[in-house]
Amino acid sequence: MSPAPRLAWGRQVVREVVVVGSGQSGLLVARKLAAAGVGVTCVERLPEPGGQEPEPETRRMAQAAGRAGVKWLLGTLAFEYRDRSVRTLGVNGARTLAAEALVLATGSRPATRAELGIAGDRGAGVLPGSVVHHYLDSGVLPGRYPVVVGDGQLAATLCSQLLRSGAAHVTSIRSKPGEASAFPGTLTHWNSVLEAVEGFPRTATAIVRQAGESIRIPTDAVVLAARRIPMRNVENAVGPSRAVIDCFSSADPKSVEDAEATADAAFHRVLAELQ
Amino acid sequence: MVPSPMVAEVESPDVLIIGAGVVGTSIAMALSHLDVDVAVVERRHDVGEEASRANSGIANCGWSMRPGSLEAELVQASSGRWEDLSTRLGVKFRRVGLTLLAFTKDEAQQIPLLADRASSNGVAAEIVEGAALETVAPHASPDAMIGLFVPDEGVVDSVRLPVAYAELAERNGVRFYLGEAVIGSSRSGDHVSEVVTTKRRFRPRFVVNAAGVGADQVSDALEGENFSVTARRGQWVLLDREFGKSVPSILTGVPTNLGHGPMVIPTAHGSVLVGPDAEDLERKDDRSTTIAGIADVVARCQRLMPAIDTTFAIKTFAGLRPHSDPTYRVGWSDKSSNLLQVAGIRSTGVSSSPAMGEHIRDVLISAGLSSLPRTGARDSLDYARPLWWDGDGERSAQDPLGRTVICACEKVTARDIHQALQDPLPATSIGGVARRTHATWGRCQGSACLSGVAFITSLYTGGAAWETPMHEPGSSIGVGETSRA
């Protein structure tokens, strides 16, 4: 990797940047910016750095970022970007942080029902994969015959987690053709799209389109774990603009190398913005 | 004494309102200012769960109503009151204005006629072309030849509205019986003497049938006149607040025999609604969406506003309007002297609700209901609840729950959620919390916060965590506990 460039301005003026999110990409970009002499505050919604990726690797990255001078604002939500400042609310109350650039490293979420174009009833039991993950962690089994939609890491993890947690049977809906390998233990429909769900007050049937035909699958939970969509909830920074810099990798599964490359690209865009 | 299942609890209110949608709750609120005993019975588990849960949110100013009708009178009487009412109830309202667009010569010929109708209704309306059209509706399609601008049209948080009406009514002593369906009645002479629900018997002096899409069944159960209410389904797409920045006002097309057609509507909260279509259904509980229906609604709205971009779509849903023939059946029953029908309020339930309650109150008073005011009745909710990021940040930051944001998209704190579960008419489901706070309703649709909202809700609903209801009984978030591997 090329050595990090230093900024050209004098030491007396510290340029302030806010990084929202402290997963791998956020920690890496925050460290690079701090090492280059930028004043960096990293805002994390959860009480410790690492976000939803609290692995040993992430912990080391957080320590390195801290040593480079990154300031932390933990247990805090960045909710609005306005007039080159970021408004936050968190365990220490409400704050306004100066931010000549805002880096969004807020991670991803699975595609929603609307984004997947799923029609039908609004019964209980159609759940974002991220929620199912939390439910299972907390001892709630969302369904005994779940249908899991998605091709990536989240879908793979949830299929195995559901089977281990008491699901009798997991159906996996894959958009890809059958060359890919099935998630172990699932009944897999390849080249398929979930078109609609039926059932109220609780979901009872998933309607899947496959090779021009509709298949009806009896189910008690539909788990949406398809695609990785960047999480966007800082008002006025929902779409990237000049001073709002996206730090998001669509790779799935995501490796440390992907996070490095994403952080590096974001780092250079911040520098360009500050010049 | 051994309780007999035949002897249910008996209540004897002065007025029994059947249905806790926007119509029933507005009547309850108006009656709550009188020194009378009022009960409301609702078959669903929460107020505002049927037609009131999914509609345009338009607070119509009455520009296109048939002049002289009761509907026009009530809508117009309501229109000027929204600013005051919404402040007192802590319900968002914005007077955004509406522009009706004509794209063909035939449609353009309708514009002066519609302007005349607005003026006979006493509503301001201006014919706009060219630069004037672009000024009032910069987002309108450049293909629009001419338009009619109606500045007084508004939008209100119509999901919160019935909850607020009901909360104020409850504070003033109205009793709500939720999750109870009317199943029968007894008569004495020419009036309904007893109304039987799944849980108790009411011996009311007056009965108000405000049961929306179920008003025909309720009329049957009370041996009132026969009529039928059809559920007219409308499909909707909700677009992100980010897109809402480019939608300052309502756009609609020239009405045809089939109604107004889909509209582009900025919501009270800044997002955008696109819809509805209109389809009369056999099943009255069919709130399903269809791929073709949603595509059609989007295409028709793109004619009004080509920039409509479905990559901003947050959710699709369907709502039901109670349609009856004749529409707007408001008056005493032909069959029972103490049964007041308030049925078939197809599409102006929200728009006429501020005046509807008082109209029904006056009808009941002329039939002998006491007009004495209730002492100490309040006319506002003391915890009008602005979203904290709309300016309540400092107050919110003062307590730990207020500093904990659960729903990051809609900026809902743990305090807001606990409050919704502790209100006078508390949420009893995750959906109830969402309706009161907007938690889980943002662009990530609960991906980040649904579990948090569910677990806070479970603290109040009791039972195991997996039993926490999404909405109606039978909608638990799970099917059991996980097995330990």
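The values are calculated or read from the model by the stated rules, or taken from the named source; none is laboratory data. What you see is a predicted model, and the numbers here were worked out from it, not measured in a lab. Heads up, the Cβs are rebuilt from the backbone with ideal geometry, glycines too, and the neighbour counts pull from every protein chain shown.
Out of the range B:445-485, which residues are assigned to a loop (DSSP other than H, G, I, E, B) and over 23 Å from B:VAL47 (Cβ atoms)?
Result: B:GLN445, B:SER447, B:ALA448, B:CYS449, B:ALA464, B:GLY478, B:VAL479, B:THR482, B:SER483, B:ARG484, B:ALA485.
For A:HIS134, the criteria (1) at the interface with chain B (Cβ under 8 Å from one of its Cβ atoms); (2) buried (at least 20 other Cβ atoms within 10 Å of the Cβ); (3) in a helix (DSSP H, G or I) hold in every case but one, which is (2). Once the range B:238-263 is narrowed to residues that are touching a helix residue (DSSP H, G or I) at 6+ places or on another chain (Cβ under 6 Å) and more than 25 Å from B:ARG117 (Cα to Cα), the residue that is surrounded by the fewest Cβ atoms within 10 Å (Cβ to Cβ) is B:ASP240.
Does the range B:190-205 contain any residue that is more than 17 Å from B:GLY24 (Cα to Cα) and acidic (Asp, Glu)? Yes, there is a match, as at least one residue in the range B:190-205 is more than 17 Å from B:GLY24 (Cα to Cα) and acidic (Asp, Glu). Restricted to the range B:174-214, the set of strands (runs of 3 or more DSSP E) holding at least 1 residues that are among the β-branched types (Val, Ile, Thr) comprises B:182-188, B:191-197, B:206-209.
Have a look at B:THR428, B:THR457, B:THR482 and point out the one that is among the hydroxyl-bearing types (Ser, Thr, Tyr), within 24 Å of the chain's Cα centre (by Cα) and buried (at least 21 other Cβ atoms within 10 Å of the Cβ). Quick ask: steps written out before the conclusion?
Numbers: B:THR428 fails: buried (at least 21 other Cβ atoms within 10 Å of the Cβ); B:THR482 fails: within 24 Å of the chain's Cα centre (by Cα).
Residue meeting the stated conditions: B:THR457.
Here B:ARG117 fulfils each of the conditions (1) more than 30 Å from B:GLU11 (Cα to Cα); (2) surrounded by fewer than 14 Cβ atoms within 10 Å (Cβ to Cβ) apart from (2). Which one is nearest to B:HIS269 (Cα to Cα) among residues in the range A:235-251 that are surrounded by fewer than 16 Cβ atoms within 10 Å (Cβ to Cβ) and away from chain B (no Cβ under 14 Å)? Here the answer is A:ARG242. For the residues B:ARG88, B:ARG95, B:ARG81, the requirement of being surrounded by fewer than 17 Cβ atoms within 10 Å (Cβ to Cβ) and under 23 Å from B:LYS245 (Cα atoms) singles out B:ARG95.
Restricting the range A:178-211 to residues that are among the aromatic types (Phe, Trp, Tyr) and either more than 14 Å from every other protein chain (Cβ to nearest Cβ) or assigned to a strand (DSSP E or B) (or both), which is surrounded by the fewest Cβ atoms within 10 Å (Cβ to Cβ)?
Within the range A:178-211, the match that is surrounded by the fewest Cβ atoms within 10 Å (Cβ to Cβ) is A:TRP190.
Listed by first and then second residue, the pairs linking a residue in the range B:462-485 that is in contact (Cβ under 8 Å) with a residue 24 or more places away in the chain and more than 7 Å from chain A (Cβ to nearest Cβ) to a residue that is of a type in the set (S, T, N, Q) and outside any loop (DSSP other than H, G, I, E, B), with Cβ atoms under 9 Å apart and 6 or more places separating them unless they lie on different chains, are B:THR468/B:THR457; B:THR468/B:SER458; B:THR468/B:THR461; B:THR468/B:SER476; B:PRO469/B:THR457; B:PRO469/B:THR461; B:PRO469/B:SER476.
Each residue in the range A:44-97 was checked for being of a type in the set (Lys, Arg) and either crowded, with 17+ Cβ neighbours inside 10 Å or in a loop (DSSP other than H, G, I, E, B) (or both), and 4 pass.
Is it true that A:VAL147 is buried (at least 20 other Cβ atoms within 10 Å of the Cβ) and assigned to a strand (DSSP E or B)?
So A:VAL147 passes the test.
When each of B:GLU472, B:GLU481 is tested for being over 28 Å from A:LEU89 (Cβ atoms) and at pLDDT below 95, the lone residue that passes is B:GLU472. Taken across the range B:222-232, residues that are within 22 Å of A:ARG122 (Cβ to Cβ), among the hydroxyl-bearing types (Ser, Thr, Tyr) and not in a loop (DSSP other than H, G, I, E, B) do occur, with at least one present. Reported count of residues in the range B:337-357, each being more than 20 Å from B:ALA72 (Cα to Cα), small (Gly, Ala, Ser) and either in contact with a Leu (Cβ under 6 Å, 6 or more places away or on another chain) or crowded, with 23+ Cβ neighbours inside 10 Å (or both), is 0. Being under 28 Å from A:ALA34 (Cα atoms), hydroxyl-bearing (Ser, Thr, Tyr) and within 20 Å of the chain's Cα centre (by Cα) holds for only one residue in A:THR112, A:THR106, A:THR96, and it is A:THR106. For A:GLY123, the criteria (1) facing chain B (nearest Cβ under 10 Å); (2) out of contact with any Pro (no Cβ under 7 Å at 6 or more places or on another chain) hold in every case but one, which is (2).
Checked against the criterion of being assigned to a loop (DSSP other than H, G, I, E, B), over 30 Å from A:GLU273 (Cα atoms) and not basic (Lys, Arg), the candidates A:SER175, A:SER249 yield just one match: A:SER175. Scan the range B:31-53 for residues that are surrounded by fewer than 24 Cβ atoms within 10 Å (Cβ to Cβ) and either under 15 Å from the mean Cα position of the chain (by Cα) or not β-branched (Val, Ile, Thr) (or both) and the total you get is 10. Yes or no: the range A:86-94 includes at least one residue that is more than 8 Å from chain B (Cβ to nearest Cβ) and within 14 Å of B:LYS315 (Cβ to Cβ). Checked the range A:86-94: no residue is more than 8 Å from chain B (Cβ to nearest Cβ) and within 14 Å of B:LYS315 (Cβ to Cβ).
Pick from the range A:171-212 the residues that are among the hydroxyl-bearing types (Ser, Thr, Tyr) and touching a residue at least 24 places away in the same chain (Cβ under 8 Å): which of them is farthest from B:ALA318 (Cα to Cα)? Only one residue tops the list, namely A:THR186.
Here B:VAL363 passes the criteria (1) modelled with pLDDT of 95 or more; (2) buried (at least 21 other Cβ atoms within 10 Å of the Cβ); (3) of a type in the set (A, V, I, L, M, F, W, C) except the one numbered (2).
Restricting the search to the range A:50-81, which residues are under 25 Å from B:ASP399 (Cβ atoms) and either more than 14 Å from chain B (Cβ to nearest Cβ) or of a type in the set (Lys, Arg) (or both)?
The one that is under 25 Å from B:ASP399 (Cβ atoms) and either more than 14 Å from chain B (Cβ to nearest Cβ) or of a type in the set (Lys, Arg) (or both): A:TRP72.
For B:ARG43, the stated conditions do not hold, so it cannot be described as within 18 Å of B:ALA166 (Cβ to Cβ), of a type in the set (Lys, Arg) and at pLDDT below 95.
Being surrounded by 16 or more Cβ atoms within 10 Å (Cβ to Cβ) and within 12 Å of chain A (Cβ to nearest Cβ) is the filter here; which residues of the range B:285-305 pass it? Residues satisfying the conditions are B:ARG287, B:SER288, B:THR289, B:THR290, B:GLY293, B:ILE294, B:VAL298. Pairing each residue of the range B:119-131 that is without any contact (Cβ under 8 Å) to a residue 40 or more places away in the chain and under 18 Å from B:GLU73 (Cβ atoms) with any residue that is in a loop (DSSP other than H, G, I, E, B) and of a type in the set (A, V, I, L, M), provided the two are 6+ apart or on different chains, yields C-beta distances under 8 Å for B:SER119/B:ALA125. In the range A:131-143, the residues that are in contact (Cβ under 8 Å) with a residue 24 or more places away in the chain form Cβ pairs under 6 Å with partners that are in a helix (DSSP H, G or I) and not β-branched (Val, Ile, Thr), at six or more places apart or across chains, as follows: A:VAL132/A:LEU158; A:LEU136/A:GLN161; A:LEU136/A:SER165; A:LEU141/A:SER165; A:PRO142/A:TYR135.
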